[in-house]
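To start, the structure under review is shown below, and the notes come after it.
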Amino acid sequence: MKRLTIGLAAFFMMSTTTHAQEIFPLYQSVPNSRQAENLEQSVTGTDGITRINNVSVPTITVYQPAAGKQKNGPAVVICPGGGYSILAISHEGVDVAKAFNEWGVTAFVLKYRLPDDRTMTDKSIGPLQDAERAMQWVREHAKEYDINPHKVGIMGFSAGGHLASTLSTHYKDVVISNPGKVSLRPDFSVLIYPVISFSDSLGHRGSRERLIGKTPAAATIQKYSNELQVDKKTPPAFLVHAKDDKTVPWQNSQQYYDALLNNKVQARIFYYDKGGHGFGMHNKTSDQNWMAALKEWMQQQHLL
């Protein structure tokens with residue numbers, strides 16, 4: 001495997017955790033790409049959240065449990081949110097990966113490409129390509145990381161939740177090279193205040209415009225409204241949403257949940273009365289912990 005080199009400061013931060021993290025490029029040659037300058041930037045705001053913009057070179061970062069905590073165990077690919085315009089890589093990526101490690105779950109933070117006509121031939125499929133490749137990559141390396149290839153899930157926050165639900169409902173739409181016929185279907189999905197619908201009434205307009213443009217065809221809106229794409233083979237899902245979310249209405253989660261139940265697919269939804277949008281693992285308005293509920297659900301699903 002080809003590993004990416006990282007700066008000294010990044011290495012220091014990684015080496016102070018239980019295990020040094022390894023960063024790998026998703027592809028030897030990035031598909032669906034145009035020759036363009038790499039303008040990627042990582043900025044940590046006054047709120048302590050690190051956000052990455054202009055991602056055109058996708059990577060996957062491995063977070064492994066402590067030695068002895070996992071044997072033929074589960075894994076999850078994590079897609080941070082950010083409206084398909086940035087990636088909130090810290091509190092919706094790295095922090096979550098470390099929490100999974102405590103449960104004995106190997107976590108992979110996906111730095112997926114952000115839709116951009118400057119860097120992509122077809123920006124509408126760029127993120128899906130990266131999610132498919134991440135699932136393929138994890139299963140290809142399952143033995144190396146002591147992972148059960150039949151317990152590999154996808155997780156996403158906000159627009160990352162749209163990407164995770166897109167993979168969960170469009171995994172048969174193979175938009176990468178897959179000569180080994182590796183399954184691209186997640187075994188489960190975890191969707192946190194997700195963008196699900198691209199409809200005028202429910203969709204997050206910014207995410208929709210970034211992915212499929214300002215004047216998409218009705219058929220394209222329907223295609224990427226994932227509550228309409230659920231079937232009996234859609235993976236089981238755990239969803240979280242706050243009822244006062246003004247950025248992504250809670251009905252996004254409800255409609256996906258209803259569609260799963262209508263297709264007799266296992267699902268659970270965890271609602272907060274308050275909390276708004278973007279709270280990550282910690283909703284400061286409540287003493288209820290959705291991560292604890294997720295762990296219980298994963299145990300019930302025999303994933304842990």
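Each value in this text was obtained by applying a stated rule to the coordinates, not by laboratory testing. No experiment lies behind these values; they were computed from the predicted model shown. Cβ coordinates were reconstructed from backbone atoms using ideal geometry, including for glycine residues, and neighbour counts include every protein chain displayed.
For the chain, build the charge dipole from Cβ charges (+1 Lys, Arg; -1 Asp, Glu) around the Cα centre, then report which of Thr247, Gln41, Ala237 sits farthest towards its positive end.
Checking the options against the dipole of the chain, the answer is Ala237.
Local charge sum around Asp122 (other residues, Cβ-Cβ under 15 Å, Lys/Arg +1, Asp/Glu -1)?
Result for the local shell: +1.
Of the cross-linked pairs Lys143/Lys232; Lys111/Lys143; Lys71/Lys123; Lys181/Lys284; Lys69/Lys243; Lys172/Lys284, which ones have a Cα-Cα span greater than 32 Å in the structure shown?
Listed pairs above 32 Å: Lys71/Lys123; Lys181/Lys284; Lys69/Lys243; Lys172/Lys284.
Of all the stretches in the chain, which is the longest one without any exposed loop site, taking GluC sites (Glu not before Pro) in a DSSP loop (any state but H, G, I, E, B) with at most 10 other Cβ atoms within 10 Å?
In short, 145-304.
Tell me what the chain gives for mean residue ellipticity at 222 nm when only DSSP H runs of n ≥ 4 count, each as -39,500 (n - 2.57), the sum divided by the residue total, rounded to 500 deg cm²/dmol.
Taken over the chain, the calculation gives -7500 deg cm²/dmol.
I need two numbers for the chain: Rg to one decimal and Dmax as a whole number, Cα atoms only, in Å.
When restricted to Cα atoms, the chain yields Rg and Dmax of 17.8, 52 Å.
Averaging over all projection directions, find the projected area of the Cα convex hull of segment 92-165 and quote it in nm² with one decimal place.
Projected over every direction and averaged, the Cα hull of segment 92-165 covers 5.5 nm².
Modelling each spin label as a point 7 Å along the Cα-to-Cβ direction, I'd like the Gln222/Val57 distance in nm, to one decimal.
4.1 nm
When the dipole is taken about the Cα centre of the chain, and only Lys, Arg (+1) and Asp, Glu (-1) are charged at their Cβ, what size is it in debye, to the nearest 20?
It works out to roughly 480 debye.
Can you tell me the length gained on complete extension of the stretch Ala99 to Ala36, counting 0.36 nm per residue apart and subtracting the Cα distance?
19.1 nm
Could you work out the percent of alpha carbon pairs in segment 126-223 separated by over 15 Å, rounded to a whole number?
Of all Cα-Cα pairs in segment 126-223, 62 percent lie more than 15 Å apart.
With a point put 7 Å past each Cα toward its Cβ, work out how far Asp146 is from Gln288 in nm, to one decimal.
3.6 nm
Given contacts defined as C-alpha pairs under 8 Å and at least six residues apart, what's the relative contact order of the chain, whole-number percent?
The normalised contact order for the chain reaches 14 percent.
Quick one: Debye curve from the alpha-carbon atoms of segment 210-280 only, equal weights, vacuum; give me log10 I(q)/I(0) at q = 0.12 Å⁻¹ to two decimals.
One equal scatterer on each Cα of segment 210-280 leads to -0.39.
If we count every other residue with Cβ under 11 angstrom of Leu39's Cβ, Lys/Arg +1 and Asp/Glu -1, where does the sum land?
Net local charge, Leu39 excluded: -2.
For segment 66-111, run through the trypsin sites (Lys or Arg not before Pro) and keep only the ones in DSSP coil with at most 13 other Cβ atoms within 10 Å of their Cβ.
Of the trypsin sites (Lys or Arg not before Pro), the ones in loops of segment 66-111 whose Cβ has at most 13 other Cβ atoms within 10 Å are Lys71.
Once segment 139-296 is represented by equal point scatterers at the alpha-carbon sites, with solvent omitted, what log10 I(q)/I(0) does the Debye formula produce at q = 0.09, 0.12, 0.13, 0.16 Å⁻¹?
-0.30, -0.53, -0.62, -0.91
Taking 7 Å along the Cα-to-C-beta vector as the label spot, tell me the Lys233-Arg185 distance in nanometres, rounded to one decimal.
For Lys233 paired with Arg185, the spin-label model returns 0.5 nm.
Segment 210-304: which trypsin sites (Lys or Arg not before Pro) are DSSP loop and have at most 10 other beta-carbon atoms within 10 angstrom?
Answer by residue number: Lys214, Lys232, Lys246, Lys264, Lys284.
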